[in-house]
Amino acid sequence: AKDAFEGLNLMDTLMAIMGIIAQWKEGRAISHQLDESQALYTQLYQLSPVAIYRIDLRSLRLIKVNDELCRHIGYTEEELLSMPADVLLTPQSREVFYRRLADIEAGKPVSEDLELEVITKSGTAEWAHLHIRHLYEDGKIWGANVVSHHITEQKKAREELADYRRRLEALVEERTQALSLANQKLREEAARRTETTKELHMKSERLRELNTAMR
């Protein structure tokens, strides 16, 4: 009985050890997968052909930026992380940004898409289309992950197209007014000719009457 009891205890101990080893292996596998996922995320983040950054909306500070953002805007990572994010915006876009922050603070819904004009280190203004994913803490928005597409050329093309449409509409309106005026003159001329025709007809009638009287 004693041998059986000791054998049972040994079996329980072995099973427990095997369970610990299995958990350790599973933990190692999960840790390895997490490490690989983190490495892939970092690789994609840094090698992305579009600008990506994370912003703390409470302090208005950038807390993470990728190489593409630095390349396009002209600042180094250290410079971007050390300056307030709103100084990178033109005055008009800064007002749009502040209104958005006020809406967030008031609990109003805000769009995940936004267009802002950014000032690069060289002083040029560039338009960016932002796709925003907000970050929450205790149910409140504290920051955002942002994917930024530079759309200056597209914006310029859209504005040129809108300007062309406005000029075309103005030209059409001008031509329409000219045609309307020409039609009015034609109607007036037609009315005058009709009246002249009536007068000539009446004079012809009077002449015929006079001729008849004379005969």
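For a paramagnetic label modelled on THR120 (point 7 Å from Cα along Cα→Cβ), amide N atoms under 19 Å away belong, within segment 87-110, to 87-91, 93. Per residue, segment 82-195 exposes an accessible area of 71 Å² to a 1.4 Å probe, with every protein chain left in place. Express in whole angstrom the spacing between the alpha-carbon centres of segment 170-187 and segment 81-136. Between the Cα centres of segment 170-187 and segment 81-136 lies a distance of 47 Å. Counting Lys and Arg as +1 and Asp and Glu as -1, each charge on the Cβ, what is the dipole of segment 92-137 about the Cα centre in debye, to the nearest 20? Magnitude of the dipole: close to 100 debye. Around the Cα centre of segment 62-215, unit charges on the Cβ atoms of Lys, Arg, Asp and Glu (plus for the first two, minus for the last two) sum to a dipole of about 1660 debye.
Listed by chain and number, the aspartates and glutamates whose alpha-carbon sits under 19 Å from that of LYS198, ignoring those within fewer than 8 places in the same chain, are GLU188, GLU189, GLU209. Spacing of the modelled spin labels on GLU205 and VAL147, each 7 Å from Cα toward Cβ, amounts to 8.6 nm.
When each of the peptides 109-116, 135-142 is scored by how many other beta carbons lie within 10 Å of its residues on average, the order from highest to lowest is 109-116, 135-142. On the beta carbon distance between VAL110 and THR90, with R0 = 25 Å, the FRET formula returns roughly 0.80. Toward the positive end of the charge dipole of segment 68-215, with +1 on the Cβ of Lys and Arg and -1 on the Cβ of Asp and Glu, the farthest Cα among HIS150, LEU116, SER180 is that of SER180. Per-residue packing, averaged as other Cβ atoms within 10 Å, sorts the ranges 78-88, 174-184, 51-61 into the order 51-61, 78-88, 174-184, beginning with the highest.
If you take every residue apart from HIS149 with its C-beta less than 12 Å away from the C-beta of HIS149, what net charge results, scoring Lys and Arg +1 and Asp and Glu -1?
Working: positive: LYS155; negative: GLU68, ASP113, GLU115, GLU126, GLU153.
Here the charged neighbours net out to -4.
For the peptides 206-214, 117-125, residues were scored by their other Cβ atoms within 10 Å and the scores averaged per peptide; the highest-first order is 117-125, 206-214.
The values are calculated or read from the model by the stated rules, or taken from the named source; none is laboratory data. No experiment lies behind these values; they were computed from the predicted model shown. Glycine also receives a Cβ, built like all others from the backbone with ideal geometry; neighbour counts cover every protein chain displayed. We work out accessible area using only protein heavy atoms, side chains counted, and drop any ligands, DNA or RNA first. Shrake-Rupley method; radii C 1.70, N 1.55, O 1.52, S 1.80 Å.
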